[in-house]
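Data first, discussion second: the structure below is written as structure tokens.
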Amino acid sequence: MTLADLLADPSRVSDVEPGAVATLLATLAGLQLALAARLGAHAAELEPSTNGDRLMTVQEVADLVRQDRAWVWRRSRRADWKRFTVRPSRKVLLVRERGLRRWLAAQDAG
């Protein structure tokens with residue numbers, strides 16, 4: 001039984017040999033990570049917002065604020081960033097540009 005077989009007919013999951021489950025799960029996890037990375041890399045294309053807001057990648061935010069990517073990830077855990085960050089998966093972080101720019105303006109004013 002292959003992953004393609006299961007995607008074509010998920011009801012066949014009970015037909016998977018117990019020894020093949022770990023291999024299929026590892027393959028699926030790798031595919032999920034690759035798709036999440038693609039989602040993050042092309043976030044702006046995914047949400048062509050009519051209100052002028054767009055989703056920015058961690059690298060785009062880091063470039064804008066002249067910090068490293070780790071700084072962006074650390075900030076994303078703070079309460080004041082939660083309202084304008086999006087986590088489509090555990091390893092992908094997207095930031096709403098409008099919210100980030102408001103936050104930056106508040107930092108300059110304060």
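The values are calculated or read from the model by the stated rules, or taken from the named source; none is laboratory data. From a predicted model like this one, the values you see are computed outputs, not experimental measurements. For neighbour counting, all protein chains shown are included, and Cβ atoms are generated from backbone atoms with ideal geometry for every residue, glycine included.
Is the range 17-34 home to any residue that is surrounded by 13 or more Cβ atoms within 10 Å (Cβ to Cβ), aliphatic (A, V, I, L, M), modelled with pLDDT of 95 or more and part of a helix (DSSP H, G or I)? Scanning the range 17-34, I find no residue that is surrounded by 13 or more Cβ atoms within 10 Å (Cβ to Cβ), aliphatic (A, V, I, L, M), modelled with pLDDT of 95 or more and part of a helix (DSSP H, G or I), so the answer is no. Selection of the range 51-106 for residues being of a type in the set (S, T, N, Q) and either touching a strand residue (DSSP E or B) at 6+ places or on another chain (Cβ under 7 Å) or assigned to a strand (DSSP E or B) (or both) yields 57, 76, 85, 89. When 65, 72, 58 are checked against the criterion of being at pLDDT 85 or above and touching a Gly at 6+ places or on another chain (Cβ under 8 Å), 58 stands alone in meeting it. Note on the range 68-81: among residues that are loosely packed, with under 11 Cβ neighbours inside 10 Å and of a type in the set (Lys, Arg), the one that is farthest from residue 106 (Cα to Cα) is 77.
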